[in-house]
Every structure is written in structure tokens, then in C-alpha cells.
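Asks: Please read through the structure below; I'll follow up with questions.
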Amino acid sequence: MRLIDLARLARDELVSMAEDGRLKGPNVWTALKGGGRYLAAVATGDAALEAVQRFRADVCRTCEHAKDRAVFVNGEPVIAWYCGEPFEDRGEGEPCGCLVGISVDGEPLQHAAGKAVLDSEECPRGKW
């Protein structure tokens, strides 16, 4: 999946959450700030090695805090995996709400995304 597709996924998800009241007040800013940080980091080359990304995605998939949501990108079904509920502020050591992976065609988590891709990021619970 291309970066622009992930950006669209995030945009569409944010709009949907705002429309149905799941995303309010400060959480809107948290979501926008996190998405902007991700795009800026990828643009500057802050990407972990593919094997590291895969390891992180596998850890996140089996974590008790993993949350998945069915979304659509370019009309195609995609499962987005998050560290806890998406786009919510958390305290230190708590699930962060960040996108960590995506899956297409109903398969198990296939690709690291968001936080799990960036070399400079780490799991808020210390799992990677």
C-alpha cells in the first residue's frame, strides 16, 4: 500500500469518527498531529528495516491491546490495526491509539503501518 493510500485511509477514518461523534475536541488534534508526524518522518527517510517492521506488526497483532477496524481505501476493504482505540491520548505505558498495521483481502495482518514503520518510534508498552 502506498503512502498516499495510507494518508487517505487516515483522512477517511478521521472524518467518519468526527461525523459519528467518536472523535471530539482534543482527540481531533491528537489524530492530526500524529498523522502529520508520520508523514513528515516517512518523507525524511525515517523507516525501519522491512524485517523490523514485520516483527513489530507481528507483535502488535498478538498484543492484548490490538484493535482492528474495517475501513475502505479506494473502495477496497482494508483492516486497520491500532494500538488500543484509535486516535485517543494515553498516559505513558498505555496503548497509544496509533495505526500499527493494515491487512487487505481479509488476510491476517500483512503490513506494518504508521508507528510500526518508523525507525524512531517504539512501543509504548516496551514490546519493541
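Asks: At 0.36 nm per residue, and after removing the present C-alpha to C-alpha distance, how many nm does the segment from residue 69 to residue 51 gain when stretched out fully?
Replies: The span from residue 69 to residue 51 would gain 4.0 nm if fully extended.
Asks: Please give the length that would be gained between residue 85 and residue 119 if that part of the chain were fully extended, namely 0.36 nm times their separation in residues minus their C-alpha to C-alpha distance (nm, one decimal).
Replies: Full extension from residue 85 to residue 119 adds 10.0 nm.
Asks: Report ³J(HN,Hα) in whole Hz for each residue of the range 93-99, in order, from the Karplus equation J = 6.51 cos²θ - 1.76 cosθ + 1.60 where θ = phi - 60°; Gly and Pro get x.
Replies: Result, rounded to whole Hz: x, 9, x, 8, x, 7, 5.
Here, each number is a calculation from the coordinates, and none is a lab measurement. These figures come from a predicted structure and were not determined experimentally.
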